[in-house]
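Below: one structure, written as structure tokens.
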């Protein structure tokens, strides 16, 4: 009988890790915008589920907005190339790590639970700088 | 390349490196900060903490300027406007041992339905909880059933199941801390987060 809770715990873990594959959902997009996933270019329709490693790409009139599972929110401006290079989140403990790389373009961020969980658990990399996010709202712009 | 193009080339090279940061207060008025951990490939230790400021990035010790009267430019303002709305949380309560929301919580279900319908590309996380009456195993099952019940109701209202997930946390996350085998209306709940 004592084994049962353990077995249930295992099932919960498996469910949690398969659900953790989804890191964010697209809320809106307009103009030329796509998600680059390895060699595929995917259309960011509302509800589209992002995975760690995905790159957000917009053209000169393109925009995208998305919400992450830790409640972080992004708005991506035109002419952007932004990768979510690392995203890990433990929903139960509300901790994780989150690295975004802004190669060019503009990004507005409202940070969520990962940034609150540990100092510099959320980082943003630009071509010249690595920033640690300490719970806040900000805009990064990288000119070409 | 003729000499005529040199100034333009110089401008492009200079422009290539330009990154800037605008730091704003949180929606609740609090001010967070950003740390410069690396600049030009070298470790750095600066902190940018001044709200409503603009900072050119690249130096190990960047200087921030207040946004001043001009405030945000049109591009920045448009970017902020396109941010998704913040996540919203709903709490539903249950009578002891049941999977039926209390009468008061039926009204919350209606608000919840309206909130999901108002969002583009919504994501709904349903998490069930119990009080400490009964065994852990039974409570794991009951909390999962409560979450499934709410998810099932939302599905019956026309929301696609792929938008939603249901998890049971049993008696692990008490809202009102109690010892074992204590009935608590505050702990018999389902939390729904809508993003």
request  = Looking only at the stretch B:73-93, count how many residues are touching a strand residue (DSSP E or B) at 6+ places or on another chain (Cβ under 7 Å), under 26 Å from residue A:61 (Cβ atoms) and more than 8 Å from every other protein chain (Cβ to nearest Cβ).
outcome  = 0
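Among B:134, B:121, B:158, B:170, which is the only one that is in a loop (DSSP other than H, G, I, E, B), on the phi > 0 side of the Ramachandran plot and in contact with a helix residue (DSSP H, G or I) (Cβ under 7 Å, 6 or more places away or on another chain)? Walk me through how you get there before you give the answer.
Details: B:134 fails: in contact with a helix residue (DSSP H, G or I) (Cβ under 7 Å, 6 or more places away or on another chain); B:121 fails: in contact with a helix residue (DSSP H, G or I) (Cβ under 7 Å, 6 or more places away or on another chain); B:158 fails: in contact with a helix residue (DSSP H, G or I) (Cβ under 7 Å, 6 or more places away or on another chain).
Every option except B:170 fails the conditions.
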request  = Could you list all residues from the stretch A:37-64 that are away from chain B (no Cβ under 12 Å) and part of a strand (DSSP E or B)?
outcome  = A:37, A:40, A:41, A:42, A:55, A:56, A:57
inquiry  = Go through the stretch A:65-86 and report how many residues are under 14 Å from the mean Cα position of the chain (by Cα), facing chain B (nearest Cβ under 8 Å) and part of a loop (DSSP other than H, G, I, E, B).
reply    = 2
ask   = Among the residues of the stretch A:130-138, is there at least one that is in contact with a strand residue (DSSP E or B) (Cβ under 8 Å, 6 or more places away or on another chain), more than 7 Å from chain B (Cβ to nearest Cβ) and not in a loop (DSSP other than H, G, I, E, B)?
value = no
query = touching a residue at least 12 places away in the same chain (Cβ under 8 Å), under 17 Å from residue B:79 (Cβ atoms) and not in a loop (DSSP other than H, G, I, E, B), is that true of residue B:22?
reply = yes
query = Any chance the stretch A:52-74 includes a residue that's without any contact (Cβ under 8 Å) to a residue 40 or more places away in the chain, at positive phi and out of contact with any helix residue (DSSP H, G or I) (no Cβ under 9 Å at 6 or more places or on another chain)?
reply = yes
ask   = within 28 Å of residue A:22 (Cα to Cα), surrounded by 15 or more Cβ atoms within 10 Å (Cβ to Cβ) and either free of Cβ contacts under 8 Å to residues at least 60 places away in the same chain or more than 9 Å from chain A (Cβ to nearest Cβ) (or both): does that describe residue B:113?
value = yes
ask   = Taking the stretch A:87-117 on its own, how many of its residues are under 14 Å from residue B:33 (Cα atoms) and not in a strand (DSSP E or B)?
value = 4
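We did not get these values from a lab; they are worked out from the coordinates using the rules stated. If you're wondering where the values come from, they're calculated on a predicted model, not measured in any experiment. No Cβ is skipped: glycine too gets one built from the backbone with ideal geometry, and neighbour counts run over all protein chains shown.
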